[in-house]
1. Can you pull out every residue in segment 29-44 that is outside any loop (DSSP other than H, G, I, E, B) and in contact with a strand residue (DSSP E or B) (Cβ under 8 Å, 6 or more places away or on another chain)?
2. Quick check: anything in segment 267-274 surrounded by 15 or more Cβ atoms within 10 Å (Cβ to Cβ) and not in a loop (DSSP other than H, G, I, E, B)?
3. Please pick out the residue among 177, 238 that is acidic (Asp, Glu) and at pLDDT below 95.
4. Suppose we keep only residues that are at pLDDT below 95 and not in a loop (DSSP other than H, G, I, E, B) within segment 45-61. Which one would you say is farthest from residue 249 (Cα to Cα)?
5. Can you tell me which residue in segment 87-102 is surrounded by the most Cβ atoms within 10 Å (Cβ to Cβ), limited to those that are of a type in the set (Ser, Thr, Tyr) and in a loop (DSSP other than H, G, I, E, B)?
6. Would you point out the residue of segment 103-130, among those that are part of a helix (DSSP H, G or I) and of a type in the set (A, V, I, L, M), that is surrounded by the fewest Cβ atoms within 10 Å (Cβ to Cβ)?
7. Please verify whether segment 100-121 includes one or more residues that are in contact with a His (Cβ under 7 Å, 6 or more places away or on another chain), under 23 Å from residue 212 (Cβ atoms), not hydrophobic (A, V, I, L, M, F, W, C) and not assigned by TED's automatic domain parsing to the domain that holds residue 229.
Amino acid sequence: MSARAKPSSGLDGAGLLIVDKSGGMTSHDVVARCRKLLNTRRVGHAGTLDPMATGVLVLGVERATKMLGLLALTTKSYTATIRLGQSTTTDDAEGEPTGGASAAALDEQQVRDAIGAFVGDIDQVPASVSAIKVDGRRAHARIRDGEQVEIPPRRVRVDRFEITGVRRPEPGDGLLDVDVEVDCSSGTYVRALARDLGAALGVGGHLTALRRTRVGPFTLDHARTLEELAENPGVSLDIDHAAQTAFEHRVIDAAEAESISQGRWLEPVGIKGVYAAIDPDGHTIALLRESGRRAASVMVVRPATLRDLDQQG
């Protein structure tokens, strides 16, 4: 068998790719583009970003696609601009205006006071055009078909909702643009915060800009644009670095590495949640979760069979 025809271990080129998504693209558009740039079909994403939004989008490549569902991406950070004085059908700038009232009399302190009600654990109704499923179908698909959709509120957490700037787009237009930074739990809709803030102030509101700056441990410092990726194709973090960045980890000896690579379990050490088992050479052998007297794998990163192929290659 020629070198070109050698079977792949699935570890070559595997890892996480952190993309700085540009506006106007869907998350699926980004995946499709990355598949071409990396010359592989094995690319998936962890969560989505609205087309209008920019910023951090986490993708898995090759064997690391199996890691995506295990990532603890429960906290996110954003910068955004909320326009007060106008509501829209989608709670963002892509929707049609649905009314509002002049925000000319509002000042920054009034907005700050109102924002306080949206910090902490809150019940939030997602936008009707969101990807939330209602009776098995996406809400936005039902809206497109002319249906009336009612989405029940969900409990989310907003840890930080701070104003970084206030300005009026045009003198006399009755609008007020508020730049904010938000740290929140996964499942929080920033455009719903814009809508609800506008409603609380009695003037209406919607989102005009949204940039995600962090997802879990991954920030814009890890991210590259698609243009940068085209110049230098490859993952942001190889599978070892990705596992050790995303999860707690324990160092195991060679015998334990051999055991876990063959699907057996290890003795627990008291680590909560999913964590990485790292061999003496710094390689991630598996992701483990402890239950009772066992630390069992939820993903074997380097099964014995694939590791042997990797060494042969």
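1. 30, 31, 34, 35, 38, 43, 44, listed by residue number.
2. No; the residues of segment 267-274 include none that is surrounded by 15 or more Cβ atoms within 10 Å (Cβ to Cβ) and not in a loop (DSSP other than H, G, I, E, B).
3. On the way: 177 fails: at pLDDT below 95.
Testing whether each residue is acidic (Asp, Glu) and at pLDDT below 95 leaves just 238.
4. 45
5. Let us first name the residues in segment 87-102 that are of a type in the set (Ser, Thr, Tyr), namely 87-90, 98, 102.
From the residues that got through so far, the ones that are in a loop (DSSP other than H, G, I, E, B) too are 89-90, 102.
Values: 89: 15, 90: 22, 102: 15.
Top of the filtered list is 90.
6. Checking each candidate, the answer is 117.
7. Just the residues of segment 100-121 that are in contact with a His (Cβ under 7 Å, 6 or more places away or on another chain), to begin with: none.
No, segment 100-121 contains no residue that is in contact with a His (Cβ under 7 Å, 6 or more places away or on another chain), under 23 Å from residue 212 (Cβ atoms), not hydrophobic (A, V, I, L, M, F, W, C) and not assigned by TED's automatic domain parsing to the domain that holds residue 229.
Residues are listed down the side, and each one gets a yes or a no for (1) buried (at least 16 other Cβ atoms within 10 Å of the Cβ); (2) assigned by TED's automatic domain parsing to the domain that holds residue 169; (3) free of Cβ contacts under 8 Å to residues at least 40 places away in the same chain:
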{"residue": "222", "(1), (2), (3)": "yes, no, no"}
{"residue": "233", "(1), (2), (3)": "no, no, no"}
{"residue": "261", "(1), (2), (3)": "yes, no, no"}
{"residue": "265", "(1), (2), (3)": "yes, no, yes"}
{"residue": "278", "(1), (2), (3)": "yes, no, yes"}
{"residue": "290", "(1), (2), (3)": "yes, no, yes"}
{"residue": "294", "(1), (2), (3)": "no, no, yes"}
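The values are calculated or read from the model by the stated rules, or taken from the named source; none is laboratory data. Nothing here was measured: the structure is a model prediction, and the numbers come from that model. Ideal geometry is used to build each Cβ from the backbone, glycine not excepted, and the neighbour counts take in all protein chains shown.
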